[in-house]
Amino acid sequence: MNIVEVEELGFDDYRQLLSAMKAAYPNWPGNYWSAESIDKLIKKFPEGQIVVKADGVVVGCALSIIVDYEKFGDKHTYQQITGNYSFNTHDPKNGDVLYGLEVFIHPDYRGMRLGRRLYNARKELCERLNLKAIVFGGRIPLYHSHSENLTPRAYIERVKRKEIHDPVLSFQLANDFHVKKVLKNYLPEDEQSEEYATLLQWDNIYYVDEDVSAVPTNTYVRLGLIQWQMRPYKNLDELFTQVEFFIDSISAYKSDFALLPELFNGPLLAEFNDLTEAESMRALAKHTPEIKSRFQDLAIRYNVNIITGSFPFHEGHVLKNIGYLCHRNGIVEQYEKIHITPDEEKFWGMKGGDSIKVYETDAGRIGILICYDVEFPELARLLADQGMQILFVPFLTDTQNAYNRVRYCAQARAIEDECFVAITGCIGNLPKVENMDIQYSQSAVFTPCDFAFPANGVKNEATPNTEMILISDVDLSLLDELHSRGSVRNLKDRRHDFYELRLKNIQAEQ
């Protein structure tokens with residue numbers, strides 16, 4: 001699986017939807033969704049019918065309508081809420097609740113958090129339409145295995161306490177839904193649930209009673225920075241056990257981005273101690289294609305955009321320092337280190353790249369500069385001219401002197417380019433690796449210096465030389481305010497009539 005997309009269901013998707021549903025419910029005693037019913041839903045409420053596609057194929061869906069909930073209350077059946085499956089209960093004018101009709105994921109794609117994406121899409125729709133809540137009746141398919149000993153209420157309590165794992169209810173509780181009551185005869189054909197269902201609800205905290213325009217737009221972005229401990233690893237599998245642990249932790253905090261350091265895979269150089277420094281770095285580069293593939297998979301499975309740090313990359317006869325932006329929808333983009341340090345050129349024979357760009361993500365416009373590059377203000381200014389909001393800087397520094405060069409230059413970029421800057425590096429040492437020595441890092445998130453930001457321009461910072469994750473929220477709307485109403489406006493007040501900045505011979509990618 002390479003590309004994941006969440007989009008509105010089209011009628012042309014019906015055959016794929018039916019195939020996925022049959023796989024999801026192989027023993028379902030009732031009828032599957034008919035083409036006629038799907039067509040009705042799409043015509044009545046197209047934005048409420050959502051599918052998730054993997055490489056262009058439907059592998060899951062979420063169907064819904066809008067209802068005037070007071071007409072039904074908490075005691076209703078599926079047949080009643082759908083108007084005997086006619087969906088004439090859909091009431092976009094007077095309705096105040098988004099009612100869920102169906103959610104399923106093809107079994108081959110479970111465990112990849114695709115169901116969570118569908119639920120998040122529903123929540124975003126509920127907020128956008130200024131509806132009070134999302135409500136639906138949920139199955140409890142394992143209840144039949146416990147019904148002799150447990151009442152439905154006792155079963156639900158056991159699931160809440162995680163003493164029993166119910167594949168449906170456990171997932172719904174993990175997605176911030178709460179059980180309002182138990183419904184009897186909700187779906188008479190549901191023998192596994194013994195005709196019981198849980199009435200679940202998620203409340204829209206942004207709901208405004210009358211003025212829809214007052215619903216705020218979420219502009220907060222959560223950053224997860226990994227301050228990485230250099231330690232021996234036997235192979236790539238062992239290295240990625242640690243990587244996945246950190247990505248899983250960052251995802252659990254619902255971060256939008258995960259940032260790793262430059263050349264954090266350096267411990268794998270131990271395998272090549274018998275080679276020269278230049279040869280061992282080229283040997284390490286052979287791991288990079290596999291690393292790219294593994295990060296792409298992690299970004300999809302943990303639903304987080306990953307800035308992978310950087311790795312050696314052997315292209316023809318040229319050795320570069322590159323990294324990947326792995327979007328959580330499966331798209332992967334490459335970035336390159338432009339400025340190579342004197343030691344990187346002397347000992348490794350690395351060459352600088354010649355491509356920079358601003359990346360459009362689902363959580364803002366970002367730029368990425370590797371370590372030494374942030375010490376050249378021109379690069380960040382070119383990115384700022386393209387609308388960059390967050391600059392990510394993976395670095396690798398050996399001493400505190402080297403670290404401070406990166407830190408203070410990164411702080412300067414935040415001020416002069418009116419953006420947020422996130423930096424992270426490696427710590428520790430590798431006594432059995434000939435090509436790596438000591439490391440120093442204090443990960444941090446920097447801001448502009450104005451009244452809406454911290455006075456010292458430091459949003460958050462990690463403990464120096466300690467392996468840890470730094471989680472930080474930034475509000476992109478503050479940048480818009482700064483650009484137009486800041487005490488000083490570095491971007492706006494430049495003297496374009498007196499000087500200019502441009503690329504020579506080549507252009508930055510747009």
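The values are calculated or read from the model by the stated rules, or taken from the named source; none is laboratory data. Worth saying up front: this structure is predicted, and the values here are computed from it rather than measured. Note that we place each Cβ from the backbone using ideal geometry, even for glycine, and neighbour counts take in every protein chain shown.
Would you check if there is a residue in region 473-493 being under 18 Å from residue 404 (Cβ atoms) and touching an Asp or Glu at 6+ places or on another chain (Cβ under 6 Å)? Outline the logic, then answer.
So in region 473-493, the residues under 18 Å from residue 404 (Cβ atoms) come out as none.
Looking through region 473-493, none of the residues is under 18 Å from residue 404 (Cβ atoms) and touching an Asp or Glu at 6+ places or on another chain (Cβ under 6 Å).
Take the conditions in contact with a Ser or Thr (Cβ under 6 Å, 6 or more places away or on another chain) and either surrounded by 21 or more Cβ atoms within 10 Å (Cβ to Cβ) or closer than 29 Å to residue 318 by Cβ (or both) and apply them to residue 359. Does it pass?
Values: in contact with a Ser or Thr (Cβ under 6 Å, 6 or more places away or on another chain): no; either surrounded by 21 or more Cβ atoms within 10 Å (Cβ to Cβ) or closer than 29 Å to residue 318 by Cβ (or both): yes.
No; evaluated as a whole, the condition is false for this residue.
Taking into account only those residues within region 318-348 that are within 30 Å of residue 52 (Cα to Cα) and buried (at least 20 other Cβ atoms within 10 Å of the Cβ), which is nearest to the chain's Cα centre (by Cα)? Break it down into steps so the answer makes sense when it comes.
Within region 318-348, the subset within 30 Å of residue 52 (Cα to Cα) is 323-335.
Applying the additional criterion that residues be buried (at least 20 other Cβ atoms within 10 Å of the Cβ) yields 323-328, 335.
On the way: 323: 18, 324: 15, 325: 12, 326: 10, 327: 7, 328: 5, 335: 19 Å.
Within region 318-348, the match that is nearest to the chain's Cα centre (by Cα) is 328.
Show the residue pairs meeting these rules: Cβ distance below 9 Å; 6+ apart or different chains; first residue within region 232-254 and in contact (Cβ under 8 Å) with a residue 12 or more places away in the chain; second residue part of a helix (DSSP H, G or I) and polar (S, T, N, Q).
Listed by first residue and then by second, the contacts come to 233/241; 233/242.
Test residue 309 against the stated conditions and say whether it is among the small types (Gly, Ala, Ser), in the same structural domain as residue 230 (by TED's automatic domain parsing) and in contact with a strand residue (DSSP E or B) (Cβ under 8 Å, 6 or more places away or on another chain). Explain how you work it out, then say what you get.
Working: among the small types (Gly, Ala, Ser): yes; in the same structural domain as residue 230 (by TED's automatic domain parsing): yes; in contact with a strand residue (DSSP E or B) (Cβ under 8 Å, 6 or more places away or on another chain): yes.
Against the criterion (among the small types (Gly, Ala, Ser), in the same structural domain as residue 230 (by TED's automatic domain parsing) and in contact with a strand residue (DSSP E or B) (Cβ under 8 Å, 6 or more places away or on another chain)), residue 309 qualifies.
Under 8 Å between Cβ atoms, which residue pairs at least 6 apart in sequence (or on different chains) link something in region 102-131 that is under 27 Å from residue 92 (Cα atoms) and without any contact (Cβ under 8 Å) to a residue 60 or more places away in the chain with a partner that is of a type outside the set (A, V, I, L, M, F, W, C) and part of a helix (DSSP H, G or I)?
From residues that are under 27 Å from residue 92 (Cα atoms) and without any contact (Cβ under 8 Å) to a residue 60 or more places away in the chain, the pairs are 103/115; 103/119.
Which of the residues belonging to region 377-416 are surrounded by fewer than 19 Cβ atoms within 10 Å (Cβ to Cβ) and in contact with a strand residue (DSSP E or B) (Cβ under 7 Å, 6 or more places away or on another chain)? Spell out the reasoning first.
Residues of region 377-416 that are surrounded by fewer than 19 Cβ atoms within 10 Å (Cβ to Cβ), as a first pass: 377-378, 381, 385-387, 398-402, 404-405, 408, 412, 415-416.
Listed by number, the residues that qualify are 387, 398.
One residue is enough: does region 149-171 have a residue meeting the conditions hydroxyl-bearing (Ser, Thr, Tyr), in the same structural domain as residue 90 (by TED's automatic domain parsing) and touching a strand residue (DSSP E or B) at 6+ places or on another chain (Cβ under 7 Å)?
Of all residues in region 149-171, those hydroxyl-bearing (Ser, Thr, Tyr) come to 151, 155, 170.
In the following step, the residues that additionally are in the same structural domain as residue 90 (by TED's automatic domain parsing) were identified as 151, 155, 170.
If we keep only those that are touching a strand residue (DSSP E or B) at 6+ places or on another chain (Cβ under 7 Å) as well, we get none.
For region 149-171, residues hydroxyl-bearing (Ser, Thr, Tyr), in the same structural domain as residue 90 (by TED's automatic domain parsing) and touching a strand residue (DSSP E or B) at 6+ places or on another chain (Cβ under 7 Å): absent.
Tell me whether region 176-184 contains one or more residues that are part of a helix (DSSP H, G or I) and buried (at least 20 other Cβ atoms within 10 Å of the Cβ).
For region 176-184, residues part of a helix (DSSP H, G or I) and buried (at least 20 other Cβ atoms within 10 Å of the Cβ): absent.
When region 344-371 is examined, which residues are found to be without any contact (Cβ under 8 Å) to a residue 12 or more places away in the chain and part of a helix (DSSP H, G or I)? So that I can check it myself, show each step before the final result.
Of all residues in region 344-371, those without any contact (Cβ under 8 Å) to a residue 12 or more places away in the chain come to 345-346, 360.
Listed by number, the residues that qualify are 345, 346.
For region 417-426, indicate whether the set of residues that are among the polar types (S, T, N, Q), surrounded by fewer than 17 Cβ atoms within 10 Å (Cβ to Cβ) and touching a residue at least 24 places away in the same chain (Cβ under 8 Å) is non-empty. Walk me through it before giving the result.
Start the filter on region 417-426 by keeping residues that are among the polar types (S, T, N, Q), which leaves 424.
Narrowing the set further to residues that are surrounded by fewer than 17 Cβ atoms within 10 Å (Cβ to Cβ) leaves none.
No, region 417-426 contains no residue that is among the polar types (S, T, N, Q), surrounded by fewer than 17 Cβ atoms within 10 Å (Cβ to Cβ) and touching a residue at least 24 places away in the same chain (Cβ under 8 Å).
Listed here are the residues, each with its yes/no results for (1) surrounded by 13 or more Cβ atoms within 10 Å (Cβ to Cβ); (2) more than 24 Å from residue 126 (Cα to Cα); (3) in contact with a Phe, Trp or Tyr (Cβ under 6 Å, 6 or more places away or on another chain).
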residue	(1), (2), (3)
6	yes, no, no
15	no, yes, no
26	no, yes, no
33	yes, no, no
43	no, no, no
55	no, yes, no
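Of all residues being of a type in the set (A, V, I, L, M) and not in a loop (DSSP other than H, G, I, E, B) in region 137-175, which is farthest from residue 100 (Cα to Cα)? Just the residue, please.
Residues of region 137-175 that are of a type in the set (A, V, I, L, M), as a first pass: 140, 142, 150, 154, 156, 159, 164, 168-169, 173-174.
Then keep just the ones that are not in a loop (DSSP other than H, G, I, E, B); that gives 154, 156, 159, 169, 173-174.
On the way: 154: 25, 156: 20, 159: 21, 169: 14, 173: 15, 174: 17 Å.
Among residues in region 137-175 that are of a type in the set (A, V, I, L, M) and not in a loop (DSSP other than H, G, I, E, B), the one farthest from residue 100 (Cα to Cα) is 154.
List pairs: first in region 11-30 and on the phi > 0 side of the Ramachandran plot, second assigned to a helix (DSSP H, G or I) and surrounded by 14 or more Cβ atoms within 10 Å (Cβ to Cβ), Cβ under 8 Å, 6+ apart or cross-chain?
From residues that are on the phi > 0 side of the Ramachandran plot, there are no pairs.
Quick one: would you say residue 318 is in the same structural domain as residue 393 (by TED's automatic domain parsing), more than 29 Å from residue 408 (Cβ to Cβ) and touching a residue at least 12 places away in the same chain (Cβ under 8 Å)?
Values: in the same structural domain as residue 393 (by TED's automatic domain parsing): yes; more than 29 Å from residue 408 (Cβ to Cβ): yes; touching a residue at least 12 places away in the same chain (Cβ under 8 Å): yes.
For residue 318, the condition - in the same structural domain as residue 393 (by TED's automatic domain parsing), more than 29 Å from residue 408 (Cβ to Cβ) and touching a residue at least 12 places away in the same chain (Cβ under 8 Å) - is met.
Just to be sure, is residue 490 of a type in the set (S, T, N, Q) and not assigned by TED's automatic domain parsing to the domain that holds residue 284? Show your work before the answer.
Details: of a type in the set (S, T, N, Q): yes; not assigned by TED's automatic domain parsing to the domain that holds residue 284: yes.
Spelling it out, residue 490 is indeed of a type in the set (S, T, N, Q) and not assigned by TED's automatic domain parsing to the domain that holds residue 284.
Quick one: which residue in 192, 201 is assigned to a loop (DSSP other than H, G, I, E, B), within 24 Å of residue 81 (Cα to Cα) and out of contact with any Gly (no Cβ under 8 Å at 6 or more places or on another chain)?
Values: 201 fails: assigned to a loop (DSSP other than H, G, I, E, B).
When all the criteria are applied, what remains is 192.
Under 24 Å from residue 437 (Cβ atoms) and touching a helix residue (DSSP H, G or I) at 6+ places or on another chain (Cβ under 9 Å), is that true of residue 342? Quick ask: steps written out before the conclusion?
Working: under 24 Å from residue 437 (Cβ atoms): yes; touching a helix residue (DSSP H, G or I) at 6+ places or on another chain (Cβ under 9 Å): no.
So residue 342 does not fit the description; no.
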